[in-house]
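Report on the structure given below.
Please treat every number below as a calculation from the coordinates, not as lab data. These figures come from a predicted structure and were not determined experimentally. Don't worry about glycine lacking a Cβ; one is built from the backbone with ideal geometry, like all the others, and counts go over all protein chains shown.
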Amino acid sequence: MKLISRPYQAEDDFWRMREFLRRVFVANDCRETSWHVARLDYARWHTCLNCANVTLNEVAFLWETADGDLAAFLMPDGGRGEAHLNIHPAYQTNQLQEEMVVVAEERLFASEADGTHNLCVWSPGKDVGFQEILARRGYTKQGDAEHQHRRRLDAPIPEATLPPGYTIRPLGDGLELLERCYASGLGFHDGDIKIAVENRDDPTWYRNIQTAPLYRRDLDLVAVAPDGAIAAFCTIWFDDVTRSAYFEPVATVPAHQRRGLGKALMFDGLRRLQRLGATLAFVGGYSPAANALYTSVMGNDHELSEPWVRAW
């Protein structure tokens, strides 16, 4: 079937992409062969808007059937220089995959100061055919794969013991939002106070995240230290249509690490999800430390998404 490709055009496209990802998720046996719908929300309002300062109009591309059914879309999880292919299995062919890579090479490459270009295309670890296409086009597999951890929520979730004086609860309002911004700077930048202060001085970036359709304050969890500081945090995105959830982000402030806070937060979040009727939960990890934590919480069930890079 010949598909018609075009750039993202309007807000209606975003809502069609969300509905599409839900259908694809079910069609793929609830595995992350394509994105979970929460990842699109987070990409639009954080990694694209906050981190890369781009909109979907600039970096998203759609493939449709002649009668307007959405068959696939392409975009980065942030700015130019990378590409994620999301394809409904009913339309997936090597020809379509290669066509999407060609568009990514033309529209999503990153430019270096010396005039060279580069692009990272992410491939499911089990998709040998797609990886053969990438290799033929000059890509090589390099960098850390994303381990896409997955846990069914059909059994009791164990309790995790908190250190004395620590508590877990949803994020508060007012000044605590600023402290959450500060903790994010510390947790993701090795305790860099300068970045933490910048995060706190202008919380617009966090307000952007809070406008995403799946954001819920009751699932934006923090571990609070005895002195009232935010010591660790995780945000959970629950999609009640597919009854599945996605953890993004998860981090602990360096001064409070190695106390089991991340594990306790995630277990608390899984129990909350069970009460909401969720049946599956996901989290993606890249580093050995992150994957060790996620395996301890989620178990061994995971998929791999692997980065293939080309420079020209």
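Quick look at the numbers
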{"quantity": "Shape call, the stretch 20-73: gyration tensor on alpha carbons, a/c limit 1.5", "calculated": "oblate"}
{"quantity": "Cα shape, the chain, gyration tensor, a/c 1.5 rule", "calculated": "prolate"}
{"quantity": "Loop-exposed GluC sites (Glu not before Pro) per DSSP, neighbour cap 15 Cβ within 10 angstrom, longest uninterrupted part of the chain", "calculated": "160-312"}
{"quantity": "Residues Ser244, Ser184, Ser5, sorted so that the one with the fewest Cβ neighbours within 10 Å comes first", "calculated": "Ser5, Ser184, Ser244"}
{"quantity": "Between the stretch 186-209 and the stretch 9-35, the Cα center-to-center distance that results, in Å", "calculated": "30 Å"}
{"quantity": "Leu175-Gln257 pseudo-label distance in nm [points 7 Å out on the Cα-to-Cβ vector]", "calculated": "2.9 nm"}
{"quantity": "Lys2 versus Asn118: modelled label distance in nm, points set 7 Å from Cα along the beta carbon direction", "calculated": "3.9 nm"}
{"quantity": "Simple label model, 7 Å out from Cα along Cβ direction - Ala27 to Val102, nm", "calculated": "2.2 nm"}
{"quantity": "Mean-position separation - Cα centroids, the stretch 141-183 and the stretch 234-312, in angstrom", "calculated": "8 Å"}
{"quantity": "Sum of side-chain charges, Thr140 neighbourhood, beta-carbon under 14 Å (Lys, Arg +1; Asp, Glu -1)", "calculated": "+2"}
{"quantity": "Shape of the stretch 155-278, Cα gyration tensor, a/c cut at 1.5", "calculated": "oblate"}
{"quantity": "Estimated FRET transfer efficiency when R0 is 45 angstrom, pair Val197-Ala90 (beta carbons, to 0.05)", "calculated": "0.35"}
{"quantity": "Linear extension gain, Arg243 paired with Arg217, 0.36 nm per residue minus alpha-carbon span", "calculated": "7.6 nm"}
{"quantity": "DSSP beta bridges in the stretch 41-154 [antiparallel fraction, %, rounded to 5]", "calculated": "85 percent"}
